[in-house]
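Report on the following structure.
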Amino acid sequence: MRTKKILAAGIVFCMGIQLFCACGRSRPYETDKVYVGVAYYNQSDTFLNQLIACLKERLQEYGEECLETSILIREAAGSQRTQDDQVKELIDAGCNVLCVNLVDRADPSEIIDLARENDVPIIFFNREPVAEDMMQWERLYYVGAFADQSGIMQGELAVELIQSDPFVDRNRDGKIQYVILEGEAGHQDAIIRSENVVETLKNNDIEIEKLSNGIANWNRAQAQNQMLQMISQHRSKIELVLANNDDMALGAIDAYEKLNYTESALPVFLGIDGTDVGLEAVRDSRLAGTVYNDKEGQAEAMAELAVALVSGKGLEDIDFQDERYIYLPYAKVTKSTVDDFIKR
C-alpha cells in the first residue's frame, strides 16, 4: 500500500511539473519592464525614420522616470512575409508590446494571430488596418492621422498661393496645369491625399488641368525619375507639382535642378509630412509649403499607450476615438510659420 501511495504521489508531482512548464510557455507581463518591438515597412521612408527616432527618445524618458524600457526595431524592406517573420522574432525575443507599421495594410491576420496567441498587444501606426481586421481582437490599437485632412490642407495651401500670386499661372490661360506624384499604387493614404487636394482646388473655384501623374512609392529618387519623364513630355507647361509627401516633392525639384532650369521657370512645389528636409526646403523657399504630420505627438501617444498596456495603469486616461484609435491633427506649414515647426 505504501508503495502505491509513493507511486501515486510521484505521478501527481510529475503532472504538476508538466503543468508548470506548460504555464511557463505563456507570457505573463512584468509590469515594471516595457519591451517594445517595432516592425515597419521600409527603412527608406524618411518620415517613419524620424517618427521611430522620436519614439525611442520618449521611451528612454519613461525609462529614466520610473520604468525599465527597451526597444527592438525591424524593417521589412517592403515584404509582408518578412514582416510576419520579424514579428514572431520580436515576440520570441521577449517583447511585451508591438508597434507595427504594416507593409500591406490589408494583410495583418498572421501578425494578429501571433500576437493574440502570445497575448502581446499591438499598436498599429501610420498605416491603418481596415476596420474589420481591427475587430479581430480587443488588444489592437491604431495611432496616426486622418489622410483626408492632409490632402485638404495641401489643397488649401495651393489655393492661397494661386489667389495671392498671379504668376503661378505662368502662361496666363486662366487655369493651373498640374501634375501629381503619388505614393504606392492602391495605398489608401496616397489615394485619399490625391483625391482631396484636387477636390479642394475645385471647391475653391480654381480652374485646373491635370497633365500627368506618377507613382513614386514615397521615394525621392523615384520621384526624380518620374518628374524627368513628365518634364520631357510637358516641358514648361507644368505650373504646380503636388506630391503625396516631402521626399517626392524634393525629388521633383531635383529633376528640374538636374535639367538646369532657372528659378523663374520652376513650377510651385507642395509636399506633405513636414520632415526635417521638407521643413528646411520650405525655409529656403524651394518648397512653397508642406503639411505637418505630427511625429512628436504620434510618438508620445505610442509610448504612453505602450506603457499603459504593459503596466495596466493609465489606459483610462488616454483619449481614444472609438475605443481603439488615436488621431493627431495635421498643420499647414508656410515660410512664415516654418520656424515654429523646425523648433519642435
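For segment 295-344, a residue qualifies if it is assigned to a helix (DSSP H, G or I), free of Cβ contacts under 8 Å to residues at least 12 places away in the same chain and open to solvent by 10 Å² or more (accessible area, probe 1.4 Å), and the qualifying residues are Leu315, Glu316, Asp317, Asp340. The set of residues from segment 189-201 being farther than 17 Å from Met248 by Cβ, open to solvent by 10 Å² or more (accessible area, probe 1.4 Å) and either in contact with a Gly (Cβ under 6 Å, 6 or more places away or on another chain) or in contact (Cβ under 8 Å) with a residue 60 or more places away in the chain (or both) comprises just one member, Thr200. Per the listing Glu257, Glu280, Glu263, Glu239, the residue uniquely closer than 14 Å to Gln177 by Cβ and either charged (D, E, K, R) or touching a strand residue (DSSP E or B) at 6+ places or on another chain (Cβ under 9 Å) (or both) is Glu239.
Looking at Val282, Val268, Val277, Val241, just one residue is open to solvent by less than 10 Å² (accessible area, probe 1.4 Å), out of contact with any Phe, Trp or Tyr (no Cβ under 7 Å at 6 or more places or on another chain) and touching a residue at least 40 places away in the same chain (Cβ under 8 Å), and that residue is Val282. Of Glu296, Glu263, Glu300, Glu280, all but one fail to be over 16 Å from Val197 (Cβ atoms) and modelled with pLDDT under 95; the exception is Glu263.
Can you find even one residue in segment 285-297 that is more than 18 Å from the chain's Cα centre (by Cα), hydrophobic (A, V, I, L, M, F, W, C) and more than 23 Å from Ile52 (Cβ to Cβ)? If you could, list the steps in order and put the result at the bottom.
From segment 285-297, those more than 18 Å from the chain's Cα centre (by Cα) are 285-289; that's our starting set.
When the remaining residues are screened for being hydrophobic (A, V, I, L, M, F, W, C), the result is 287-288.
With more than 23 Å from Ile52 (Cβ to Cβ) added as a condition, the list becomes 287-288.
Looking for residues that are more than 18 Å from the chain's Cα centre (by Cα), hydrophobic (A, V, I, L, M, F, W, C) and more than 23 Å from Ile52 (Cβ to Cβ), one finds at least one in segment 285-297, hence yes.
When residues in segment 219-238 are screened for being assigned to a loop (DSSP other than H, G, I, E, B) and either of a type in the set (D, E, K, R) or open to solvent by less than 20 Å² (accessible area, probe 1.4 Å) (or both), 1 of them pass. For segment 89-105, state whether one or more residues are more than 17 Å from Phe47 (Cα to Cα) and without any contact (Cβ under 8 Å) to a residue 24 or more places away in the chain. Among the residues of segment 89-105, at least one is more than 17 Å from Phe47 (Cα to Cα) and without any contact (Cβ under 8 Å) to a residue 24 or more places away in the chain, which makes the answer yes. Taking the conditions exactly as written (open to solvent by less than 60 Å² (accessible area, probe 1.4 Å), more than 22 Å from Ile71 (Cα to Cα) and assigned to a loop (DSSP other than H, G, I, E, B)), does Arg127 satisfy them or not? When the stated conditions are applied, Arg127 does not pass them. Restrict the check to segment 157-179 and report whether at least one residue is assigned to a strand (DSSP E or B), buried (at least 22 other Cβ atoms within 10 Å of the Cβ) and free of Cβ contacts under 8 Å to residues at least 60 places away in the same chain. Taking every residue of segment 157-179 in turn, none turns out to be assigned to a strand (DSSP E or B), buried (at least 22 other Cβ atoms within 10 Å of the Cβ) and free of Cβ contacts under 8 Å to residues at least 60 places away in the same chain.
The values are calculated or read from the model by the stated rules, or taken from the named source; none is laboratory data. Please read all numbers here as calculations on a predicted model, not as lab measurements. Backbone-built Cβ (ideal geometry, glycine too); neighbour counts: all protein chains shown. In case anyone asks, the SASA skips ligands and DNA or RNA and just uses the protein heavy atoms, side chains included. Shrake-Rupley method; radii C 1.70, N 1.55, O 1.52, S 1.80 Å.
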